[in-house]
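Let me begin by presenting the structure, written as structure tokens, before commenting on it.
No lab work stands behind these numbers, since they all come straight from the coordinates. Note that the structure is predicted; figures quoted are calculated from it, not measured. As a convention, Cβ positions derive from the backbone with ideal geometry for all residues, glycine included, and neighbour counts pool all protein chains shown.
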Amino acid sequence: MRTVAASRPLHIVMVGWEWPPNHTGGLGVHSFEISKELTRLGHRITFLTPFGGPFTPVEGVTFRFPGGPPATTGTTPPAIDFPPAYWAGGTPDSPFMDATDGYNVWISLLEGLGPVDVVHVHDWFGTVGARALAQRLDVPLVMSVHSTEYDRSLGHPWQHILDREQVGIDAATRVIAVSRHLRQQIIDRYHADPGKMRVIYNAVRPSARLERIDPAKRVVLYVGRLAVMKGVDTYLRAAARIAAKFPDVLFVVAGEGPEYNHLVRLAAGLGVGDHVMFLGKVTEEERDLLLAGSSVFVLPSVVEPFGIAALEAMAAGVPTILSKTSGVAEVTSGAFTVDFWDADEFASRIAELLEYPTLRAAMGEQGRWEALREGWPERARETVGVYLEAMAARGRQP
Amino acid sequence: MKIVLYLHMHQPWRLARFRYLDLGSGRSYFDIERNLAIFRGIAERCYRPALDRLLHALETHEEFRLSLSITGTFVEQAKLAAPDVLDKVRALVATGRVSLLAETYYHSLAFLVPPPELSEEVRMHRDMLRAEFGVETKVLRMTELAYSDDLARFAESERFGGMLAEGWEGMLRGHPPTYRYCAAPAPTVMLLLRHYPLSDDVGFRFSSREWNEYPLTAEKYARWLGGTPGELIGLFMDFETFGEHHHASTGILEFLSALPEAVRREPHLGWATVEEAIRGPPRDTLSVPYTMSWADQNRDLGAWLGNDLQRSAFEAVKKVGIVVRETRDPAILTDWRKLLTSDHFYYMYVSGHGADQGVHQYFSSYDSPYDAYANYMNALSDLRRRALEKLGVPILK
């Protein structure tokens, strides 16, 4: 990836979705981290979101949302009321799609942005509005794809969402995918021109390595949404294979989602109700504490375009087991990789890490080094490189 | 000037994926079919064509000489996968101009575990060579060309007349590597040294297009050999150099075929087996107080025991060895010895970012050193459990 620096500060309109502290998935974290580093490089960002804050402030980032004035922190109630999406239990004909359409109309009519260099849209939420905005402002559109509807829906995609993804992929001058695996999928399924595809991986912030809470207590950890595509059932089946051999080990599930009830019942049915702890949603701070106290981190996803939770675990020095299909597996050689359906292999890998301290230490070190080798600053430089390419492709001078 | 061409033939018994959940299952640690499939592939690409060419060289050039070492695990696999490869070796030996060398039967780190493991394995290997090839060995090479004063004393106690070692400046202290030396603590043991620049020209650099001498022809190489001062040039390398490490399409087999004739045309060059080369007075004595090898930039045991994973696994296998010997169970002992094979530790090497990274990656049969370690430790834990069961010791946990 070429990383040409811009010769002057750019004004980027980022068409986003969530922003910390109110976020449920990796997209909010990504938007926050990449924006922070872009502003450090001297660029200015207007971040569009359908939600009304509060926003964790970043110097150089202005927030625009329906129903409120431009803000740098903001706590205005949202003008658009979002009913649950399918991943939170909604259905394709729920009013959720109407609400996102409202967001797109608002984007396309947005005024008062001043001179803009590039419009950068994340995933499908705002593609229709972003396309209209970029056309009106006569600037290039860049799209980042963090996951696709095929992946999120495990083979039962909503056509509405596929259409909106297609709009963005077709209209964008450059499309950024978070892994090579995802890049190929976008080419195969959405017929994207390979020449405009770029891969930029996610990264993690270096955090102080916290002391283990209780060195005698051993925790195997999963952190993430409880959705079918996350494969948490495989993790529970793996736990059931070895729980009896490791009575001192607690298998922790941190996160919330539509599969919650099913997973709790499954754990009970597998006879490991006592060995598995469901924590529900955890804050970032709680997650860091959990990581600090964990011996093993497991990411058993059936589908995982990137998997930033695993990179965060590695950055915390926790040896990690990934499904082979996860994007993060492309950037590490210091984690175990397992077929997502192979509960026995997950069980064996967990047991091996619990059993062999030398292995745990060596993998923890390697993972930490790999996760922190290239951070958000490098990713931001790569992103600027893509902006400049997109501008040059449209005959613009940076 | 005599050229001592010595080629090492070895295949390890690679482990199957032996999961933690497989402990106590009675499953074999070794994936025999996979090992044999690998062997058949290498036999096709390397052993058969290269052995044929060497036999032809011996038939057409009466001055040509060759030395080989063949591990016990290699012979076991060859018998099952490609017995004709052994017949081809027998045909070479029958010319009377090919020496075989002794070593550990399992290509193992036996020299680092308490006695009597090393002498037993070397005896096993000598017995095997006698039975399979009708040969008495006089020269010893240790696994990965390991050498030290202690190993020289061992060679003397086992009545070997010579040993091989790396011709590494670090221990030569200004002596040229192109002479016969003798071991300081064991003067009856002659040392033949590997000329590593000339050996690696063929072993490593031959097919490298970035090398400024590429392509290497037999004529050019023979000129280099002819221009080298001294009495002996030790060209020691893996047999798999010819057709496996370097694919046939690189011209390596043609190079091998053309070498005897190119050497014949050089006025001062001839050939010697290791047994011929150890005859004659030594130029000087050499002392090596630490263990040296032929691997990597440091020529030490770092490739096998350099990191925490490797040392932990090796300490564990050493410890299990004590219980294993107690059992006097041949099956348990054999599995333990197969786990002592040095290759398993090589797979656990965590690459830094230096020149040796690619070499280690190439030889590994695992995705990562962590895979290699976990799998090895599972097999070893299972073996320990079997040994304890045999001894009637209750297993904790």
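Mean residue ellipticity, 222 nm, helices only, the protein assembly as shown: the sum of -39500 (n - 2.57) across DSSP H runs of n ≥ 4, divided by residue count and rounded to 500, is -12500 deg cm²/dmol. Rounded to the nearest 5, the antiparallel percentage of DSSP beta bridges internal to the protein assembly as shown is 10%. With 25 Å as the limit on Cα-Cα distance, the pairs of B:LYS318/B:LYS390; B:LYS338/B:LYS390; A:LYS324/B:LYS338; B:LYS138/B:LYS318; B:LYS79/B:LYS338; A:LYS324/B:LYS319 that go past it are A:LYS324/B:LYS338; B:LYS138/B:LYS318; A:LYS324/B:LYS319. Apply the a/c threshold of 1.5 to the C-alpha gyration tensor of the range A:218-373 and tell me whether it is rounded, prolate or oblate. Rounded shape, in that the Cα axes give a/c under 1.5.
Here B:CYS46, B:CYS182 are placed in order of increasing Cβ neighbour count within 10 Å, fewest first, which gives B:CYS182, B:CYS46. By the gyration tensor of its Cα atoms, with a ≥ b ≥ c the square roots of the eigenvalues, what is the shape of the protein assembly as shown: rounded for a/c under 1.5, prolate for a/b over b/c, or oblate? In terms of gyration-tensor shape, prolate.
Positive end of the charge dipole of chain A (Lys, Arg +1 and Asp, Glu -1 on Cβ, about the Cα centre): tell me which of A:PRO54, A:HIS30, A:PHE278 has its Cα farthest that way. So the residue furthest toward the plus end is A:HIS30. For the protein assembly as shown, a simple Cβ point-charge model (Lys and Arg +1, Asp and Glu -1, everything else neutral) yields a dipole of about 500 debye relative to the Cα centre. Indicate the gyration tensor shape class of the range B:2-286 (rounded, prolate or oblate), computed on the Cα atoms with a ≥ b ≥ c the square roots of the eigenvalues: a/c under 1.5 is rounded; otherwise a/b larger than b/c is prolate and the rest oblate. Cα axes put the range B:2-286 in the oblate bin. Principal-axis analysis of the Cα atoms of chain A puts helix A:180-190 at an angle of about 60° to the longest axis.
Once Rg and the Kirkwood radius are both taken over the C-alpha atoms of chain A, their ratio Rg/Rh works out to 0.97.
Here the Kirkwood formula, the inverse mean of 1/r across different C-alpha pairs, assigns the range B:216-348 a hydrodynamic radius of 19.2 Å. Could you check which residue among B:GLN310, B:GLN77, B:GLN297 shows the biggest mean-square fluctuation in a GNM of chain B with a 10 Å Cα cutoff? In the Gaussian network model the winner is B:GLN297. A convex hull fitted around the alpha carbon atoms of the range B:302-391 yields 78 Å³ per residue.
Between the range B:166-204 and the range A:1-60, the alpha-carbon centres lie 63 Å apart. Contact order, relative form, for chain A: 16 percent (alpha carbon pairs under 8 Å, 6 or more residues apart, mean separation divided by residue count). Would you mind calculating the relative contact order of the range B:2-286 from Cα pairs under 8 angstrom and at least 6 residues apart, reporting the percent as a whole number? Averaging sequence separation for qualifying contacts and normalising by length gives 26 percent for the range B:2-286.
Taking the C-alpha atoms only, the angle from helix B:32-42 to the longest principal axis of chain B is near 10 degrees.
Of all the options B:PRO176, B:PRO187, B:PRO330, the one that moves most in a Gaussian network model of chain B with Cα springs shorter than 10 angstrom is B:PRO330. Note on the range A:218-373: dipole from Cβ charges, positive end direction compared against A:PHE251, A:ILE308, A:VAL296; the farthest Cα belongs to A:PHE251.
Choose one of B:SER368, B:THR334, B:TYR346: the residue whose Cα lies farthest towards the positive end of the charge dipole of the range B:302-391 (beta-carbon charges +1 Lys, Arg; -1 Asp, Glu; about the Cα centre). The one lying farthest along the dipole's positive direction is B:THR334.
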